[in-house]
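Notes follow once the structure below has been shown.
The values are calculated or read from the model by the stated rules, or taken from the named source; none is laboratory data. Just so you know, these numbers come straight off a predicted model, no measurement behind them. Positions of Cβ are backbone-derived with ideal geometry, glycine not excepted, and every protein chain shown enters the neighbour counts. Accessible surface areas use protein heavy atoms only, side chains included; no ligands, DNA or RNA. Shrake-Rupley method; radii C 1.70, N 1.55, O 1.52, S 1.80 Å.
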Amino acid sequence: MKHNSLLTALLIMSLLLAACSSKEQSITADQAVIEYDLLYNMPKVPIDYDAEVRPVLENRCVVCHGCYDAPCQLKLTSPEGIHRGANKKKVYDAARVTADEPTRLFIDAMTTEEWRQKGFATVLNEGTFSPRANLEDSVMYRMLRQKQLFPQARTGMLSDDFDLGLDRAQSCPTLDEFDRYAAEHPKGGMPYAMPNLSRQDYNTLVYWLAQGSPMPEDYPPSKAAASQIKQWEIFLNGDSNKEKLVSRYLYEHLFQAHLHFSDTGDREFYRLVRSTTAPGTPVDIIPTRRPYGDSGTDVYYRIVRNQGSIVAKTHMVYELSDKRMQRYKELFFKPDYDVAALPSYEAAVASNPIKAFAAIPVKSRYRFLLDDARFFVEGFIKGPVCRGQIALNVIEDQFWVVFFDPDAPIMSLSDTFLNEVSDYLASPAELQDNFKILTGKSYYDKLFQKYVHTKDSLSADFKPVNIDEAMSYIWDGDGNNPNASLTIFRHSDSASVNFGFIGDYPETAWVMDYSVLERIHYLLVAGYDVYGNLGHQLNTRLYMDFLRTEGEDYFLVFLPADKRSAIRDSWYVGIRKSNKDDEGKVSWLNREFVKGYNTGDVQLELYQHLENHLGKLAGDRDYINRCTTDKCKPKLAEKILRVDKAMQQAAKMDGGIVQFLPDLAFIRVRMGGKPEDDLAYSMISNKAYKNVSSMFAEAKLGEHRDYKEDTQTIVNWLEGAYPNFFYVVDVDDVDAFVEQYNTIRNREEYEVFVARYGLRRTSEDFWLHADWFNKQYAREQPRLSGIYDLNRYQNR
């Protein structure tokens with residue numbers, strides 16, 4: 001290392017090898033693995049992980065290595081994830097016959113040695129320490145270096161050599177396998193299928209790796225949080241049966257939350273866990289497969305700091321404060337009820353919340369869910385998983401959700417009724433992970449029919465009410481809670497939820513009661529196992545059809561009987577037509593519940609009644625997508641209003657265009673000043689389907705598409721967690737942008753449009769704009785934002 005002549009020779013060799021990369025010659029790691037010039041100039045001062053390394057990892061690596069579907073299970077969001085390393089086994093495998101052992105970071109193993117025993121291989125040097133060995137024996141370094149040796153194209157679309165499918169084959173080479181990997185996959189360096197790192201970012205990571213990859217210990221709770229944690233752990237670990245039951249209920253609903261305490265920083269979050277140890281002692285997490293799994297020991301509810309980077313896909317914030325604790329006391333301890341015995345953890349009981357928590361008044365449980373309905377809906381729509389096919393294959397691309405009022409005189413809010421039918425409300429989660437591939441369709445179909453028929457018979461004497469009176473059955477958010485109305489957008493295998501009625505009037509809507517909301521949580525959040533087998537996933541998927549049907553049926557109940565069947569039939573076409581029979585023969589379809597409609601378009605009329613009933617909680621009447629009068633015209637600066645008006649025209653485009661568009665695209669409108677003054681918009685494609693019910697037909701959904709009914713929603717904020725494409729347009733060109741956009745008629749014309757306004761994976765400015773979108777999200781949502789995942793970014 002001290003001989004300049006040797007250094008010079010090696011440097012020249014490195015440069016020559018890099019030059020050869022453009023000719024796509026095979027260069028092995030043995031020939032060019034070490035950059036001696038960087039080692040020679042390595043800083044004497046250690047690279048600061050938080051200030052220098054973590055920002056590079058977050059903005060260039062975590063964008064693909066941040067969730068369960070991170071390639072090779074390599075999660076780079078935390079020091080623990082980096083030390084854990086990589087595993088060749090895929091988490092997402094819909095065809096596996098037996099369930100896999102979970103490999104959840106911070107849960108299923110706590111030390112690097114434990115992860116090695118679970119089959120994870122290091123990506124760092126774990127051998128003899130020296131700057132040279134730290135690079136030479138680091139898979140992470142070799143992956144980064146491979147990209148430098150073989151940079152990708154800087155214009156146009158990537159070649160077919162790059163497989164960008166989510167289920168693409170993964171090599172996941174260990175150190176011993178890397179030479180072969182490099183020779184067989186010369187373009188397989190990191191960041192994969194994305195522009196190279198800048199020289200500064202690359203050097204930062206190389207210096208850090210050469211220095212032995214120093215990383216900080218876990219951060220303790222802040223002083224402001226520590227005192228609140230103490231209070232909450234006392235509250236959650238009471239001795240009485242009532243306290244124990246309530247704490248169990250709270251934990252099973254909040255285990256996936258990123259808890260945020262009042263008076264703490266916007267980016268400081270915590271997790272509620274079960275521990276074998278009592279408050280005041282170190283936490284020993286109980287790693288059951290499900291939050292209601294039998295621990296076999298005493299359970300204590302503890303709060304630990306959430307470590308690592310926050311990614312948008314799994315970031316669901318729940319606020320804790322003195323006010324929240326008072327609300328819990330009001331809901332769960334003020335009512336007079338006894339808990340004679342605690343429910344068992346037997347699967348048939350624990351997986352059925354209607355049965356397990358029967359002692360807690362249903363209205364207390366329902367109001368708890370309504371208080372933060374978006375959070376709980378987000379649980380199954382956004383979820384603690386990274387691909388939501390199980391839930392999302394059964395829902396439309398855009399629909400609205402409202403809720404029955406907790407004081408409405410309906411049977412599903414009666415403790416007596418729910419206790420009587422609780423056996424009918426069992427879900428496939430009780431099957432755990434066995435081989436009963438199709439048990440759910442026959443067994444749970446019968447249970448569902450019994451539940452529906454019981455409700456049907458008990459509603460026979462219902463006297464029809466006027467549409468205005470019927471609105472009293474819909475929760476109005478108690479006048480100030482924005483959770484009263486929600487909009488759900490499906491983006492292929494991911495989705496997002498937001499407050500208010502967003503977009504044009506949708507094809508379908510749901511009205512949820514307590515039972516539907518609670519069972520969805522236990523089916524798709526508390527009871528869903530991402531590591532589960534085919535039987536578990538298929539039965540979960542089939543049962544979700546029932547819950548969607550219930551939500552849609554409650555909406556249909558508010559429509560005139562003579563219109564109801566035709567509207568329902570229009571929803572149930574293609575393969576989904578078979579779901580019409582899930583309920584069996586029912587009389588409610590032909591029974592009148594609500595009267596007083598005055599127009600032929602009764603569904604639109606119902607939507608408008610809901611808007612009027614909810615008032616400001618329904619949103620701002622959506623100027624871009626739904627506004628028909630000047631009353632919803634926002635008071636904005638002229639330049640901003642000009643862009644909104646242009647986007648209003650884009651939202652009215654011909655439905656046939658959607659087939660060429662990304663599911664979710666972000667637009668940056670450059671206003672000519674500071675970057676933070678630029679505007680962000682989301683273009684959400686709402687694809688119409690003849691079928692959204694086949695978990696095995698995603699690749700062939702074109703056969704089930706109804707292109708002429710496609711729509712698009714455009715919002716003036718960033719929506720979703722997985723952007724598929726970026727557009728960048730100057731404010732003076734926004735009208736031309738929309739005009740060209742609205743005239744697209746085929747894929748070729750779309751390619752011309754992308755060449756002018758799109759940001760391809762090859763663009764030299766890609767990272768510049770990707771960083772802007774992440775910063776903009778943080779500006780829009782300082783507490784709710786997270787790092788966008790680019791795994792689904794399209795090669796257009």
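Condition test on Phe332, is it touching a strand residue (DSSP E or B) at 6+ places or on another chain (Cβ under 7 Å), open to solvent by less than 10 Å² (accessible area, probe 1.4 Å) and in contact (Cβ under 8 Å) with a residue 12 or more places away in the chain?
Against the criterion (touching a strand residue (DSSP E or B) at 6+ places or on another chain (Cβ under 7 Å), open to solvent by less than 10 Å² (accessible area, probe 1.4 Å) and in contact (Cβ under 8 Å) with a residue 12 or more places away in the chain), Phe332 does not qualify.
Please work out which residue is nearest to Leu759 (Cα to Cα), limiting yourself to the stretch 175-195 and to residues that are in a loop (DSSP other than H, G, I, E, B) and open to solvent by 40 Å² or more (accessible area, probe 1.4 Å).
Tyr192
Of the residues in the stretch 230-246, how many are among the polar types (S, T, N, Q), closer than 20 Å to Tyr292 by Cβ and in a helix (DSSP H, G or I)?
Result for the stretch 230-246: 1.
Of everything in the stretch 266-313 that's of a type in the set (A, V, I, L, M, F, W, C) and part of a strand (DSSP E or B), which residue is farthest from Ile787 (Cα to Cα)?
Among those that are of a type in the set (A, V, I, L, M, F, W, C) and part of a strand (DSSP E or B), it is Ile285.
Looking at the stretch 105-156, what helices (runs of 4 or more DSSP H) fall wholly within it and have at least 3 residues that are open to solvent by less than 30 Å² (accessible area, probe 1.4 Å) and either β-branched (Val, Ile, Thr) or more than 30 Å from Ile285 (Cα to Cα) (or both)?
131-136, 139-149
Conditions tested, residue by residue: (1) within 28 Å of the chain's Cα centre (by Cα); (2) surrounded by fewer than 18 Cβ atoms within 10 Å (Cβ to Cβ); (3) within 14 Å of Ala650 (Cα to Cα); (4) modelled with pLDDT under 95.
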| position | (1), (2), (3), (4) |
| --- | --- |
| Thr743 | no, yes, yes, yes |
| Arg747 | no, yes, no, yes |
| Val752 | no, yes, no, yes |
| Ala755 | no, yes, no, yes |
| Leu759 | yes, no, no, no |
| Asp765 | yes, yes, no, no |
| Ala770 | yes, no, no, no |
| Lys775 | yes, yes, no, no |
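Specify the residue that is farthest from the chain's Cα centre (by Cα); the eligible residues are those in the stretch 612-640 that are modelled with pLDDT of 85 or more, among the aliphatic types (A, V, I, L, M) and farther than 18 Å from Ile502 by Cα.
Per the criteria, the residue is Ala637.
Give me the residue from the stretch 426-444 that is buried (at least 18 other Cβ atoms within 10 Å of the Cβ) and either modelled with pLDDT of 90 or more or part of a helix (DSSP H, G or I) (or both) and, out of that set, nearest to the chain's Cα centre (by Cα).
Applying the filter and picking the extreme gives Ala429.
Scanning for something over 20 Å from Arg289 (Cα atoms) and in a loop (DSSP other than H, G, I, E, B), does the stretch 79-90 turn up at least one residue?
yes
From the list Leu124, Leu197, Leu105, pick out the single residue that is under 25 Å from Ile34 (Cβ atoms) and under 29 Å from the mean Cα position of the chain (by Cα). Walk me through how you get there before you give the answer.
On the way: Leu124 fails: under 29 Å from the mean Cα position of the chain (by Cα); Leu105 fails: under 25 Å from Ile34 (Cβ atoms).
That would be Leu197, the only listed residue that is under 25 Å from Ile34 (Cβ atoms) and under 29 Å from the mean Cα position of the chain (by Cα).
Going through Ala19, Ala94 one at a time, which residue ends up being modelled with pLDDT under 85 and under 22 Å from the mean Cα position of the chain (by Cα)? Spell out how you get there, then give the answer.
On the way: Ala19 fails: under 22 Å from the mean Cα position of the chain (by Cα).
Testing whether each residue is modelled with pLDDT under 85 and under 22 Å from the mean Cα position of the chain (by Cα) leaves just Ala94.
Only one of these is β-branched (Val, Ile, Thr), in contact with a helix residue (DSSP H, G or I) (Cβ under 9 Å, 6 or more places away or on another chain) and within 15 Å of Met143 (Cβ to Cβ): Thr174, Thr204. Name it.
Only one candidate passes the filter, namely Thr174.
The rows are residues; the columns are (1) without any contact (Cβ under 8 Å) to a residue 12 or more places away in the chain; (2) under 31 Å from the mean Cα position of the chain (by Cα); (3) under 27 Å from Asp493 (Cα atoms); (4) assigned to a helix (DSSP H, G or I).
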| position | (1), (2), (3), (4) |
| --- | --- |
| Asp529 | no, yes, yes, no |
| Gln537 | no, yes, yes, yes |
| Leu542 | no, yes, yes, yes |
| Arg548 | no, yes, yes, yes |
| Arg564 | no, no, no, yes |
| Leu589 | no, no, no, yes |
| Tyr607 | no, yes, no, yes |
| Leu610 | no, yes, no, yes |
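Report whether or not Ala257 is more than 22 Å from Thr111 (Cβ to Cβ) and open to solvent by 20 Å² or more (accessible area, probe 1.4 Å).
Against the criterion (more than 22 Å from Thr111 (Cβ to Cβ) and open to solvent by 20 Å² or more (accessible area, probe 1.4 Å)), Ala257 does not qualify.
Take the stretch 671-715 and flag every residue that is of a type in the set (Lys, Arg), modelled with pLDDT of 55 or more and surrounded by fewer than 22 Cβ atoms within 10 Å (Cβ to Cβ).
Once the filter is applied, which keeps residues that are of a type in the set (Lys, Arg), modelled with pLDDT of 55 or more and surrounded by fewer than 22 Cβ atoms within 10 Å (Cβ to Cβ), the stretch 671-715 yields Lys674, Lys690, Arg705, Lys708.
Scan the stretch 226-250 for residues that are closer than 12 Å to Asp322 by Cα and of a type in the set (Gly, Ala, Ser) and jot them down.
Ser227
Residue by residue through the stretch 208-229, note down the ones that are of a type in the set (Phe, Trp, Tyr) and in a helix (DSSP H, G or I).
If the condition is that a residue be of a type in the set (Phe, Trp, Tyr) and in a helix (DSSP H, G or I), then Trp208 is the only one that fits.
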